[in-house]
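First the structure, in the form of structure tokens, and then the observations on it.
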Amino acid sequence: MKIAIHNREGGFTERWVTYCQQNGIEYLLVNCFENNILELFKKESITHLMWHLNHASSQDLMVYPYVMNAADNMDIKTFPNFNTRWHFDDKVAQKYLFESICAPLVKSTVFYEKEDAIKFLNTSELPLVAKLKRGAGSTNVKLINSKTEGEEYIRKLFSEGIVSTATALGNFDQKLRIAKQIKDPIKLAKKTIGFFKKNKRERSLANAEKGYVYFQEFMPNNAFDTRIIVVGEIAFGIRRFNKENDFRASGSGKLDFDVSKIDLETVKIAFNVTEKIGGQCLAFDFVYDKNKVPKIVEVCFGFSMKAYDACPGYWKKDLSFVAGTFNPQAIMMENFLKE
């Protein structure tokens, strides 16, 4: 057994490597963007491939299906596996996925013709939530409050489109919060310059989203959403409170780790849906409808690693709670190697 781990800065990579080192597992850090990556897999007798996909990288989103699907064909076990990854950072794909298994998704509608989208807009109760396929941390999510605003949004998506990568100053409050955590002014300056360069590159690589419109029903009176992450046989979660004067919670940084406040129905749904999907690791976002029934907003393979270190424990499938610290990335490795 030999594991290839895509060498991504940050993310899960460092803990995966640490797990291998501590448990005497042979591994190789690789660059999955190399032209000869499949030859390397053969030469090194790779049996497993792990890649913490980055939703903010257009390069990741373009290349990962090529490499990981090819690895599957070479009988190399992959993490995330196909069932976990094919809908990654694609909210429209998730709509079809959840509908196929009758999961409790917030009512979602997609149109591929401008006239159909406008007709729907004119006969729908406003506001509506409009989303692009790509984006995390509330990026590319907006509230359509009027028909004029909706028609302009639809027109844009059926003409020049919208670049899915936010501008450097987009979600400024979130970026400012992160910047304040860096106390070293020299390090902060380097990080800032690096970020602007990276953002410029990403915007040049990102395709303009066009040719479709994706709406979700607006769920009022939700002061927070619930994030439940399932990793194999365990689940853990938090509540994320909305940004100030905003209906969006993702990316707010206002986190609540009190497990007594988390609705166990969301945990139950997350376990059930993950099992139906055949997923290895999935993070679900829940809000409530007008009847206080939890509904899935979207799902993602990855999550911010260190943000969840403060979780006081996890649930097992029988919904019993195990208190104490734990390492989700080590559990991912354990599960993956048992497959």
Item checked: Alpha-carbon Debye profile of the chain, log10 I(q)/I(0) at 0.06, 0.12, 0.13 Å⁻¹ -> -0.22, -0.95, -1.12
Check: Using a Förster distance of 41 Å, how high is the FRET efficiency between Lys2 and Arg155, based on the Cβ-Cβ distance and rounded to 0.05?
Finding: 0.20
Check: Given R₀ = 56 Å, FRET efficiency for Leu28-Lys268 by Cβ-Cβ distance, to 0.05?
Finding: 0.90
Notebook entry, point to check: What is the Rg over Rh value, at two decimals, for region 3-79, using alpha-carbon atoms and the Kirkwood definition of Rh?
Noted result: 0.94
Item checked: CD proxy at 222 nm, helix term only [per DSSP H run n ≥ 4: -39500 (n - 2.57); per residue of the chain; nearest 500] -> -11000 deg cm²/dmol
Next item on the list: Subtract the Cα-Cα distance of Cys102 and Lys147 from 0.36 nm times their separation in residues, and report this length gain in nm to one decimal.
Entry: 13.1 nm
Notebook entry, point to check: Using the alpha-carbon atoms, what tilt in degrees (0 to 90, nearest 10) does helix 58-73 show relative to the longest principal axis of the chain?
Noted result: 50
Item checked: Cα long-axis angle, helix 328-338 against the chain (0 to 90 degrees, to the nearest 10) -> 60
Next item on the list: Would you kindly derive the ³J(HN,Hα) couplings of region 96-104 from the backbone phi angles with the Karplus curve 6.51 cos²θ - 1.76 cosθ + 1.60 (θ = phi - 60°), listing them in order in whole Hz, with x for Gly and Pro?
Entry: 5, 4, 5, 5, 5, 10, 6, 6, x
Check: In degrees, nearest 10, range 0 to 90: what is the angle between the Cα axis of helix 147-157 and the longest Cα principal axis of the chain?
Finding: 40
Item checked: Whichever aspartates and glutamates have a C-alpha closer than 17 Å to that of Lys292, once near sequence neighbours (fewer than 8 apart) are set aside -> Glu217, Asp225, Asp263, Glu265
Notebook entry, point to check: Which FRET efficiency value, to the nearest 0.05, do you get for Phe241 and Asn36 by plugging their Cβ-Cβ distance into 1/(1 + (r/R0)^6) with R0 = 41 Å?
Noted result: 0.30
Notebook entry, point to check: Semi-axes of the equivalent ellipsoid of region 224-338: what are they in whole Å, largest first, if each equals the square root of 5 times a C-alpha gyration tensor eigenvalue?
Noted result: 22, 16, 13
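Values quoted throughout were computed directly from the atomic coordinates according to the rules given, and no laboratory measurement underlies them. Here the structure is a predicted model, which is why all the values come from computation and not from measurement. Here Cβ is always computed from backbone atoms with ideal geometry, including for glycine, and neighbour counts include all displayed protein chains.
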